[in-house]
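Report on the structure given below.
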Amino acid sequence: MKTHFIAIGGSAMHNLAIALKDKGYQVTGSDDAIFEPSRSRLEKKGILPQEMGWFPEKITADIDAVILGMHAHQDNPELAKAKELGLKIYSYPEFLYEQSKNKTRVVIAGSHGKTTITSMILHVLNFHRKDVDFMVGAQLEGFDCMVKLTQENDFMVLEGDEYLSSPIDLRSKFLLYQPNIALMSGIAWDHINVFKTFDDYIDQFRKFVASITPGGVLVYNEEDAEVVKVVEAAENYFRKIPYKTPEYEISNGKVYLKTEMGDVPLSVFGAHNLLNMEGARHICRQLGIMDEDFYEAIMSFKGASKRLEKVEREDQGVLYKDFAHAPSKVKAAVKAFCEQFKKEKKYGFLELHTYSSLNPLFLEQYDHAMDGLDEAIVFYSEDALKIKRMEPISPEFIKEKFKNDALRVFTNAEELHAYWQTLDKTDGVFLMMSSGNFGGLDLTK
């Protein structure tokens, strides 16, 4: 099968391209810019475009499938040529469904926790050598690629994102998967640039639940009031399995899960991670993994990439980085960090740089998000606001919305870096929360 990727360099897109290459497909692609690690990984597989840009001549009548990434625009010249030739154009999730339509599809959805839960499930399955197809949003230890596609596997585990499918398909990605088994971890308004009201955002989850195949299964977080409302209002037939935070204790800095089989030592911490773990356990049950086998495997799970991930520093300082940027994720990460490190001096850094997090209306959601930290620092770039054509935001406004007068606010990367250099990284513990890189800050030094 001959496939062509428009915007092949994206995190998700390049992993799908590699998976198809490994499956034996003929893969080509284009992009106007490709960065690391996508560039090296595509080059290693022999599918890195020879030059950057869009080339309509690459689109020929013998292409079986054109896969369109979100990075491309509606007026993309390659897309126009594909339409002219009448080629089949797929969004990323649409193509994944096409690859898995004859399999049992397991879809993990929610505003937060979905990457971690999917990662936990795959870790357990891999530990017990249970082979499945998958798509996950983070690089996992023991896995070469974030996407795996085969002819023979019976199951496919998919991280279900509520963001848009493609520039020409404005449905939420997870609405295309039609799950046989689903999980919903939580609902907290995100992607405000797309879903203008909270109800519009919640409606995506209502549609997701309605898309579960007849007689399917939904595992859901019963501690989340919005999730419970959506589940209780569903009119289609499926089996409902609730889950909640399990019992645990922290002893000498180590987290122990309290189970019928005794105390299970864990390598991750935070109540939200244990809640995620409980959801993963129920999904693994549906896949034939008994609880005892789940606990045996989960002890060695060290976390998904960038999710409370420990950074190895030259000076042995204790530092964790977290992908958190949405309010609910920030609050969960800070709470977990403060619970884990009760006695140490706690520094928390948060970078605001997405359209949502810099929206004055959305900033209301960050109230008390950094409470409990000894030093709380927020960074956003005034230049980024200009590039995004957004109105200026004052440090005082940030403090007001966070309801934290002690907050340190930096709007210039050089000043942030200078402050960073004044800190003794061995005196205290550090939590760095961003989907960016704090203006190029090296967290290892």
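Throughout, read-outs are computed from the coordinates displayed, never taken from laboratory work. Computed from a predicted structure; not experimentally measured. Cβ sites come from the backbone with ideal geometry, for glycine too, and all protein chains shown count toward neighbours.
General remarks:
- Overall form of the chain per C-alpha gyration tensor (a/c, 1.5; a/b vs b/c): oblate
- Model label sites at Asp144 and Lys310, defined 7 Å from Cα along the beta-carbon direction, differ in position by 2.9 nm.
- Positive-end ranking of Gln421, Cys338, Tyr380 along the dipole of region 309-433, with charges on Cβ about the Cα centre, is headed by Cys338.
- Summing Lys and Arg as +1 and Asp and Glu as -1 over all other residues whose Cβ lies under 13 Å from the Cβ of Glu312 gives a net charge of +2.
- Each of Phe397 and Lys342 was given a label point 7 Å from its Cα along the Cα-to-Cβ line. The distance between the two points is 4.0 nm.
- Part-to-part distance (alpha-carbon centres) for region 1-37 and region 56-120, which is given in Å: 11 Å
- Electrostatic tally near Phe195: other residues with Cβ closer than 10 Å to its Cβ, Lys and Arg +1, Asp and Glu -1, net -4.
- Cα lying deepest toward the dipole's positive end in the chain, options Ile63, Phe323, Leu350, charges on Cβ: Ile63
- Cα shape, region 2-87, gyration tensor, a/c 1.5 rule: oblate
- Helices in the chain that qualify as membrane-span-like (whole DSSP H runs, Cα extent of at least 24 Å along the helix axis, mean Kyte-Doolittle hydropathy of 1.0 or higher) do not occur.
- Förster radius 25 Å - calculated FRET efficiency between Leu85 and Met52, Cβ distance, rounded to 0.05: 0.60
- About its Cα centre, the dipole of region 309-433 is roughly 380 debye, where the only charges are +1 on Lys and Arg Cβ and -1 on Asp and Glu Cβ.
- Toward the positive end of the charge dipole of the chain, with +1 on the Cβ of Lys and Arg and -1 on the Cβ of Asp and Glu, the farthest Cα among Pro77, Gly24, Ile6 is that of Gly24.
- Extension gain, Asp32-Lys254: 0.36 nm per intervening residue step, less the Cα-Cα distance, totals 75.2 nm.
- Listed peptides 182-191, 359-368 appear in the order 182-191, 359-368 once ranked by packing, highest mean of other Cβ atoms within 10 Å at the front.
- Taking the convex hull of Cα positions in region 222-369, its mean projected area over all directions (nm²): 11.9 nm²
- Total charge dipole magnitude, the chain, about the Cα centre, Cβ charges on Lys, Arg, Asp, Glu only, Debye to nearest 20: 660 debye
- The protection proxy used here, the mean number of other Cβ atoms lying within 10 Å of each residue, ranks peptides 205-214, 133-142 as follows, highest first: 133-142, 205-214.
- Each Lys and Arg adds +1 at its Cβ and each Asp and Glu adds -1 at its Cβ; summed about the Cα centre, region 374-424 shows a dipole of about 340 debye.
- Relative packing of peptides 336-342, 53-59 - highest average C-beta neighbours within 10 Å first: 336-342, 53-59
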